[in-house]
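Peer 1: My structure is below; once you've seen it, I'll send some questions.
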Amino acid sequence: MSKGLNLSSLIMGDAQADRVVPPTGFTARLTLFAAGAMAFLTVFALALSLASGRLATRWGDELAQSSTLRISAPEEQMAAQTAAALTVLTGTPGISSARALSVDEQRSLLAPWFGPDLPLDSLPIPQLIEIVETEEGYDGAGLRLRLQAEVPGAVLDDHTRWRRPLERAAGRLRLLGWIAIGLIGAATAAMITLAANAALAANAQVISVLRLIGARDSYIARAFVRRFTLRALMGAAVGTALGAFAVFLLPSAHESGGFLTGLGFQGLGWALLALIPLLAGVVAYVATGAAARRTLGELT
Amino acid sequence: MIELDNIAYSYGGGELLSEVSLKLAPGSFHFLTGPSGSGKTTFLKLCYGALSPTAGQVQLFGKDVREMDREDHAMTRRQIGVVHQDCQFLDHLSVRENVALPLTVASKDSLEQHSNLKELLTWVGLGHRASALPPELSGGERQRAALARAVIMSPDVVLADEPTGNVDWEMSQRLLQLLVELNKMGKTILIATHDLNLIRSAKHHVQARVLRISGRKLQLAGADL
């Protein structure tokens, strides 16, 4: 029976076959609305997933490639230990560059916390060394051991400690987004199945007349499947367009880089939106097909 | 084409038909009669595969009904035209579209069929009612529309269940005449009716055999009633 439901004839349609099932205004509008509302929600779930995915990648990328060495030493040893640390670092495989921050740079880092007038010279401020890794990265444990021997006041911070939970949180958020999309899809299938069942029940007489005059199951099913698939497709297209427009209107503030303001689509993300109506169509096609087969199978 | 071999049919409780055998020869004209509730409609349903016998064997065009799937049934119904007692139509389509429906669902809609359709509607006297909707038709018009729909696929067999049940004498004569004409064109006809006058009047036009259901059995009634 499924061979009768081939896709091309479904899309091309058959004006005559379409007329066989009487138009039903109410279920048609409900299906359109449900598909539209679900597509609208999907747009936001998708935006959430994509944004948290981007966030996780960005945190990962930006933080993974750099680490910091902090040297706390008595003032007279500071210069010697810094030099020793730099020697160790430049000799370590996996580190592409190491640079001691200047006093001005350290002051600007501290400024947000202590104000610009901090008398940095008179305070025992640790020296910071910025380490930029190569793609392969370095062996953190080995480096720590070497530093311990040669620069006793050095503390290596490779950021993994606080990067990991952030990445994990972003990953979870993305997972939640996909779960939401899955649930929305399932709910759409459920609603369309209910609407299709209602339409099939309301048209029991039509179906029995059609069977009587020799219509095959596939012909009868196609009349319903086509109708619901097109409705879902259309409703979802409108819902997606409205959702995309709403996302587009969200205020964006790239520089401050907050999470909520990053909620949107970039590049290929917009292309993903086009898949929403198609998926809704597929869901409706499968759901209505199953409902029609079930109903027809129960008839003699 | 339709063969019943020692079949029985029983509902949950009692047996309605038993030891029924019949072979409908091509081109034959049969009446099926019997009191109300004797199983005429059930018998017709067995003849076009809407029901399966509880015992015995029914063969439609050489195929055992029990071995036919839904697809086979759909195909068989294109070869057997059925006129029901309460003929059902698609009420949102015009008479013309309803009569052409078997062609539509078989994807045999063509221009050539279109002129056939017009001819057919004129033949059953519904040429002027082609654009009407089924609920607007009178009882006789419905029966004639159902007959037109039953024969548009040019089936080999036409089964009619009380085709004259809801119409006056004049109209029943007209329907009978249409069925007789079909028989002369080579179709096999089986009409279930309790109207003995109808059977008598048919005797003048056609060589008809009369089957009677009586006491759960099918009997060939005498040539004269």
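The values are calculated or read from the model by the stated rules, or taken from the named source; none is laboratory data. The model shown is predicted, which means the values in this text are computed figures rather than measured ones. Please note: Cβ atoms are built from the backbone with ideal geometry, for glycine as well, and neighbour counts cover all protein chains shown. All accessible areas refer to the heavy atoms of the entire protein, side chains included, with ligands and DNA or RNA removed. Shrake-Rupley method; radii C 1.70, N 1.55, O 1.52, S 1.80 Å.
Peer 1: Taking 7 Å along the Cα-to-C-beta vector as the label spot, tell me the B:GLN85-B:VAL206 distance in nanometres, rounded to one decimal.
Peer 2: Taking the two extended label points, one gets 2.0 nm.
Peer 1: So which lysines can B:LYS23 reach, going by Cα to Cα under 20 Å and dropping same-chain residues fewer than 8 places off?
Peer 2: B:LYS40, B:LYS45, B:LYS63, B:LYS184, B:LYS187, B:LYS217
Peer 1: With a 1.4 Å probe and every protein chain kept in, tell me what percent of the accessible surface of the protein assembly as shown is carbon plus sulfur.
Peer 2: Details: 15320 of 25950 Å².
Summing carbon and sulfur atoms, their accessible area is 59 percent of the total for the protein assembly as shown.
Peer 1: Provide A:THR295, B:THR54 ordered by accessible surface of protein heavy atoms (probe 1.4 Å), highest first.
Peer 2: So, going from the largest accessible area down, we get B:THR54, A:THR295.
Peer 1: Can you give the % of DSSP beta bridges in segment B:140-225 that are antiparallel, to the nearest 5?
Peer 2: Numbers: 4 of 9 bridges.
Once the DSSP bridges in segment B:140-225 are tallied, antiparallel ones form about 45 percent.
Peer 1: Let me ask something else. By how many nm would the segment from B:THR54 to B:ASP109 lengthen if fully extended, with 0.36 nm per residue of separation less the alpha-carbon distance? Please list the in-between numbers first.
Peer 2: Working: separation 55, 0.36 × 55 = 19.80 nm, distance 3.81 nm.
Once the chain is fully extended between B:THR54 and B:ASP109, it gains 16.0 nm.
Peer 1: Near B:LEU179, within a Cβ-to-Cβ distance under 12 Å, what is the net charge of the other residues, with Lys and Arg +1 and Asp and Glu -1? Each step should come with its number before you reach the end.
Peer 2: Numbers: positive: B:ARG144, B:ARG174, B:LYS184, B:LYS187; negative: B:GLU181.
Result for the local shell: +3.
Peer 1: Which ³J(HN,Hα) values in Hz, rounded to whole numbers, follow from the phi angles of segment B:5-10 under the Karplus curve 6.51 cos²θ - 1.76 cosθ + 1.60, where θ = phi - 60° and Gly and Pro get x?
Peer 2: Residue by residue, segment B:5-10 yields 10, 6, 8, 9, 9, 10 Hz.
Peer 1: Using the Cβ atoms and a cut-off under 13 Å, what net charge is assigned to the surroundings of B:LEU24, where Lys and Arg are +1 and Asp and Glu are -1? Write down the numbers at each step before the final one.
Peer 2: On the way: positive: B:LYS23, B:LYS187, B:ARG209; negative: B:GLU3, B:ASP5, B:ASP156.
Local net charge: 0.
Peer 1: Based on the Cβ-Cβ distance of A:ALA83 and A:ALA169, what FRET efficiency does E = 1/(1 + (r/R0)^6) give at R0 = 56 Å, to the nearest 0.05? Before the final figure, lay out each step's value.
Peer 2: Working: r = 40 Å, r/R0 = 0.71.
Calculated value: 0.90.
Peer 1: Also, I was wondering about something else. How big is the dipole moment of the protein assembly as shown about its Cα centre under a simple scheme where the beta carbon of each Lys and Arg is +1, that of each Asp and Glu is -1, and everything else is neutral? Debye, nearest 20, please.
Peer 2: Working: 48 positive and 47 negative charges, 494 e Å.
Computed charge dipole of the protein assembly as shown: roughly 2380 debye.
Peer 1: How much accessible surface area, in Å² rounded to 10, belongs to the heavy atoms of B:THR76 with a 1.4 Å probe?
Peer 2: Counting only protein heavy atoms, B:THR76 exposes about 10 Å² to solvent.
Peer 1: Distance between the C-alpha centers of segment A:223-237 and segment B:1-64? Whole Å please.
Peer 2: 43 Å
Peer 1: Rounded to the nearest 100 Å², what is the sum over both chains of accessible area buried where A meets B, with a probe of 1.4 Å? Numbers along the way, then the final one.
Peer 2: On the way: alone 17050 and 10990 Å², together 25950 Å².
Adding both sides of the contact gives about 2100 Å².
Peer 1: Also, quick follow-up: To the nearest µm²/s, what D does Stokes-Einstein give for the protein assembly as shown at 4 °C and 1.567 mPa s, using the Kirkwood radius over alpha carbon pairs as Rh?
Peer 2: Details: Rh = 30.0 Å.
It comes out at roughly 43 µm²/s.
Peer 1: What FRET efficiency do you get for A:ALA111 and A:ALA246 if R0 is 41 Å and r is their Cβ-Cβ distance, rounded to the nearest 0.05? Before the final figure, lay out the partial values.
Peer 2: Numbers: r = 39 Å, r/R0 = 0.96.
That gives a FRET efficiency of 0.55.
Peer 1: Can you give me the long-range amide H partners of B:PHE31? Hydrogens built in the peptide plane at 1.01 Å from N, cutoff under 5 Å, separation of 5 or more residues or another chain.
Peer 2: B:ILE191, B:ARG209, B:VAL210, B:LEU211
Peer 1: Would you grab the residues whose amide H sits under 5 Å from the one on B:VAL82? Only those 5+ places off in sequence or on another chain, please, with H modelled 1.01 Å from N.
Peer 2: Close amide H contacts, sequence-distant or interchain: B:LEU159.
Peer 1: Which of the helices in chain A meet the span-like rule: DSSP H, Cα axial reach of 27 Å or more, Kyte-Doolittle mean at least 0.5? Mind dumping the intermediate values first?
Peer 2: Values: long enough: A:25-64 (58 Å, 0.96); A:160-202 (62 Å, 0.67); A:217-249 (47 Å, 1.02); A:275-298 (35 Å, 1.05).
Going by DSSP H runs, the hits are A:25-64, A:160-202, A:217-249, A:275-298.
Peer 1: Next up: Any idea of the accessible area per residue across chain B, 1.4 Å probe, to the nearest Å²? Write out the running numbers ahead of the final one.
Peer 2: Numbers: 9920 Å² over 225 residues.
That works out to 44 Å² per residue.
Peer 1: Let me cross-check B:MET68: its accessible surface, 1.4 Å probe, with only protein heavy atoms counted, in Å² to the nearest 10?
Peer 2: Around 20 Å² of this residue is reachable by solvent.
Peer 1: Another one. For segment B:140-225, just run the numbers: alpha carbon Rg, then divide by 2.2 N^0.38 Å, N being how many residues it has.
Peer 2: Values: Rg = 12.9 Å, N = 86, 2.2 N^0.38 = 12.0 Å.
Ratio of Cα Rg to 2.2 N^0.38 Å: 1.08.
Peer 1: Segment B:159-178 to segment A:263-300: how many Å between their Cα centroids?
Peer 2: 50 Å
Peer 1: Also: B:ILE2's amide H: which non-local residues (gap 5+, or another chain) put their own amide H closer than 5 Å, with H modeled 1.01 Å from N in plane and none for Pro or chain starts?
Peer 2: Here B:LEU24, B:PHE61 satisfy the definition.
Peer 1: Kindly report, to the nearest 10 Å², the accessible surface of A:ARG226 as traced by a 1.4 Å probe over protein heavy atoms only.
Peer 2: Its heavy atoms expose roughly 40 Å² to the probe.
Peer 1: Step by step: find N for segment A:73-152, compute 2.2 N^0.38 Å, then divide the Cα radius of gyration by it. What's the final number? Don't skip to the answer; put the middle values down first.
Peer 2: Values: Rg = 14.3 Å, N = 80, 2.2 N^0.38 = 11.6 Å.
This ratio for segment A:73-152 stands at 1.23.
Peer 1: Would you mind telling me the antiparallel percentage of the DSSP bridges in chain B, rounded to 5?
Peer 2: Just about 50 percent of them are antiparallel.
Peer 1: While we're on this one: If you add up the charges near B:LEU44, with Lys and Arg at +1 and Asp and Glu at -1, over every other residue whose beta carbon is less than 14 angstrom from its beta carbon, what do you get? If you can, show how the numbers build up before the last one.
Peer 2: Numbers: positive: B:LYS40, B:LYS45, B:ARG77; negative: B:ASP86, B:ASP161, B:GLU162.
Spelling it out: positives minus negatives among the neighbours equals 0.
Peer 1: Let me ask another. Suppose we compare each residue of segment A:210-241 in its chain alone and in the full protein complex with a 1.4 Å probe; which ones drop by at least 40 Å² of accessible area?
Peer 2: A:ARG211, A:LEU212, A:ILE213, A:GLY214, A:ARG216, A:TYR219
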